[in-house]
Amino acid sequence: MARTSFLPLRRIPLRQSAGRQHHAGPLTYVLLGTAALFSLFPLYWNLVAASHTGERVVEAPAPLLPGPRLFDNLSFAWNQVDMGEALVNTTVVASLVAVSTVLFATLAGFAFAKLPFRGRGALLTLVVATMTIPPQLSVIPLYRIITDLGWVDQLQSVVLPSLVAAFGVFFMRQYLVEALPVELVEAARMDGAHSLRIVWHVVFPVARPAMAVLGMLVFVQAWNDFFWPFIALTPDGSPTLQVALAGLGAGNHTVDQAVVLTGALISTVPLLLVFAVLGRHIVGGITAGAVKS
């Protein structure tokens, strides 16, 4: 019987990068730390300016350390305009606009992404094209409409024109095209699910990460919106926060910049709190939605 010779097996090196977690080097941390400092410095200087007098804020060189007047400026800014009412109004407006935009944009995005109907491409093009129209062009007709309805200086005049945005429709459509398999929708229809049930049990769970991101973006945009609320509302009626800030610091002939920056600080803190509470959930939702089994 012939002897069989076995050649020694050569070890094939495994890929070193497969499944291994890469660690950032020192240069990466230096660059990230520098970028974080540049991003946080405007907020820090806003806090510094809010703690000084108006005369000290406009002097050169500008102050870089906090002063002793922070609580005095906070009290003065809070009482000069009805900051409490403005915060409540802005929270109501931003929340309604964010919820309605996310809801309607998700429904429209699902229709454009997965529901075949005649003229879908042309209608989507028309929706996207509306983003190129400057909002200033619609101010006069929109103001005449709310005047005829008797909505001047009322919150619905700010909420209703912003119930849905073309950007939100396009954003959700682009997400659902890749994230929602058409087979999943067809399987739900074969099981006898109607359209509303498909949206609630199939579309919303899949679109949850994008809905969270869109909601955060729309909420911040509505919170900081100034142009249309300044036209539709008045500081003496039911102002949002940005409209109320327009009347801060006004004196006989000058504007107290320290008080204005104090009001800006008050308007920024709620956004920071919202992001601190929801930021981790949004990032976690995006990560979970990006992982494919």
Report task. Answer yes if at least one residue in region 189-208 is within 30 Å of L265 (Cβ to Cβ), among the aliphatic types (A, V, I, L, M) and modelled with pLDDT of 90 or more, and no otherwise. Result -> no
Query raised in the report: Which residues, taken from region 211-239, are at pLDDT below 90 and either among the β-branched types (V, I, T) or in contact with a His (Cβ under 8 Å, 6 or more places away or on another chain) (or both)?
Result: A212, V213, T234
Report summary line: Note on A264: of the conditions (1) touching a helix residue (DSSP H, G or I) at 6+ places or on another chain (Cβ under 7 Å); (2) assigned to a loop (DSSP other than H, G, I, E, B), unmet is (2)
Report summary line: Going through region 88-106 in order, the residues found to be of a type in the set (A, V, I, L, M) and crowded, with 18+ Cβ neighbours inside 10 Å are V93, A94, L96, V97, A98, V102, A105
Requested in this report: State which residue pairs qualify: first residue closer than 23 Å to L184 by Cβ and inside region 112-132, second residue of a type in the set (D, E, K, R) in any location, beta carbons under 8 Å apart, and separation of 6 or more residues or different chains.
Outcome: F112/R120; F112/R173; A113/R173; L124/R173
Query raised in the report: What do you reckon, is L64 without any contact (Cβ under 8 Å) to a residue 40 or more places away in the chain and assigned to a helix (DSSP H, G or I)?
Result: no
Query - Unique residue being buried (at least 16 other Cβ atoms within 10 Å of the Cβ) and hydrophobic (A, V, I, L, M, F, W, C) when the list is V199, V177, V220, V182 - result: V199
**Report entry** Residue identified as among the hydrophobic types (A, V, I, L, M, F, W, C), farther than 21 Å from L103 by Cα and touching a residue at least 12 places away in the same chain (Cβ under 8 Å) among F219, F227
**Finding:** F227
Query - Residue selected from region 257-293 under the condition loosely packed, with under 11 Cβ neighbours inside 10 Å and among the hydroxyl-bearing types (S, T, Y), by the criterion modelled with the highest pLDDT - result: T287
Report task. Might you let me know whether region 68-75 holds any residue that is in a helix (DSSP H, G or I), farther than 20 Å from D225 by Cα and among the aliphatic types (A, V, I, L, M)? Result -> yes
**Report entry** Scan of region 33-52 for residues that are among the hydroxyl-bearing types (S, T, Y) and open to solvent by 50 Å² or more (accessible area, probe 1.4 Å), ordered by number
**Finding:** T34, S39, Y44
Requested in this report: Kindly check whether there is at least one residue in region 79-86 that is open to solvent by 60 Å² or more (accessible area, probe 1.4 Å), out of contact with any helix residue (DSSP H, G or I) (no Cβ under 8 Å at 6 or more places or on another chain), polar (S, T, N, Q) and not in a loop (DSSP other than H, G, I, E, B).
Outcome: yes
Requested in this report: Tell me, please, whether a residue that is open to solvent by 50 Å² or more (accessible area, probe 1.4 Å), part of a helix (DSSP H, G or I), out of contact with any Leu (no Cβ under 8 Å at 6 or more places or on another chain) and at negative phi can be found in region 229-251.
Outcome: yes
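The values are calculated or read from the model by the stated rules, or taken from the named source; none is laboratory data. On a predicted model such as this, the values are computed, not experimentally measured, just so you know. As a convention, Cβ positions derive from the backbone with ideal geometry for all residues, glycine included, and neighbour counts pool all protein chains shown. For accessibility, only protein heavy atoms count, side chains too; no ligands or nucleic acids. Shrake-Rupley method; radii C 1.70, N 1.55, O 1.52, S 1.80 Å.
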